[in-house]
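The values are calculated or read from the model by the stated rules, or taken from the named source; none is laboratory data. Note that the coordinates shown come from a computational prediction; the quantities given were computed from them, not determined experimentally. Every residue, glycine as well, gets a Cβ built from its backbone with ideal geometry; the counts of neighbours run over all protein chains shown. These accessible areas exclude ligands, DNA and RNA; they are computed on the full protein's heavy atoms, side chains included. Shrake-Rupley method; radii C 1.70, N 1.55, O 1.52, S 1.80 Å.
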Amino acid sequence: MLIGPKRIIFLILFLSNLNSQELGVGDTIPPGFGLTWCANNFTDYDSLYFDDYNGTINESGKHHVIWIMLFTSWCPYCQTEAPITQEVFDTYQDSGLVIIGMGFEWGFPYTCNGWADAFGLTYPLLDDENDDDDFGGEGWNLFGESGVPHNIVINHNMEIVLSVAGFQDEAIYGAINAALDSCG
């Protein structure tokens, strides 16, 4: 018996939802969640933990708002988004915005440091590689959905205020500005 194209598409969508995100808009980042640094680590620690940003204030007296970009080294859309995230980081880093890249599937063609160098990135990059053959690691399993890039905005209370597949710049910038405004 042959399977028609509509059934194949349904099957693919159904199977992709089995591994869909655990957290969405309105959920809070679980205590103790963190990943290993792989580039641009300016600390003495091996891992970055999101608890470190929970309600904290930066050097400018502003609360932190986090923009996470989940990406793979082979994704052309991720490669297009990377320099844009750096421009936003350069512009807003003193306002309380923290940008964190979570990458995986390294070596196709970039390593983590190669990714940072190729796109001139200075914000933290975390390794979300999975030792199994699964797509993504712990970060992807918490936040990821359907494809890369995937963007998440987290307010100063560690609440997810935006989670979108692709680079939806107006939605991302709107969520960042609203989160920065709401925390003073």
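Unpartnered cysteines of the chain (Cβ-Cβ under 4.7 Å counts as a partner)?
Cys183
Which residues' amide hydrogens lie under 5 Å from the amide hydrogen of Ile99, considering only partners 5 or more residues apart or on another chain, with H built in the peptide plane?
Placed amide hydrogens put Trp67 under 5 Å from Ile99.
Probe radius 1.4 Å, ligands and nucleic acids ignored: give me the carbon and sulfur share of the accessible area of the chain as a rounded percent.
Values: 5100 of 9740 Å².
Of all accessible area on the chain, carbon and sulfur atoms account for 52 percent.
If each of Asn58 and Ser95 carries a label point 7 Å out from its Cα toward its Cβ, how far apart are those two points in nm?
According to this spin-label approximation, the distance is 1.0 nm.
So for Trp74, Trp106, Trp140, what's the accessible-area order with a 1.4 Å probe, most first?
Trp74, Trp106, Trp140
I'd like to check one number: the per residue accessible area of the chain, probe 1.4 Å, reported in Å² as a whole number. Mind dumping the intermediate values first?
On the way: 9740 Å² over 184 residues.
Heavy-atom accessible area per residue stands at 53 Å².
Would you calculate a helix-derived [θ] at 222 nm for the chain, using -39,500 (n - 2.57) for each DSSP H run of n ≥ 4 and dividing by the full residue count, to the nearest 500?
That comes out to -10000 deg cm²/dmol.
Could you state, as a whole-number percent, how many of the C-alpha pairs of segment 29-166 are farther apart than 21 Å? Working shown, then result.
Numbers: 3414 of 9453 pairs.
Value for segment 29-166: 36 percent of Cα pairs lie more than 21 Å apart.
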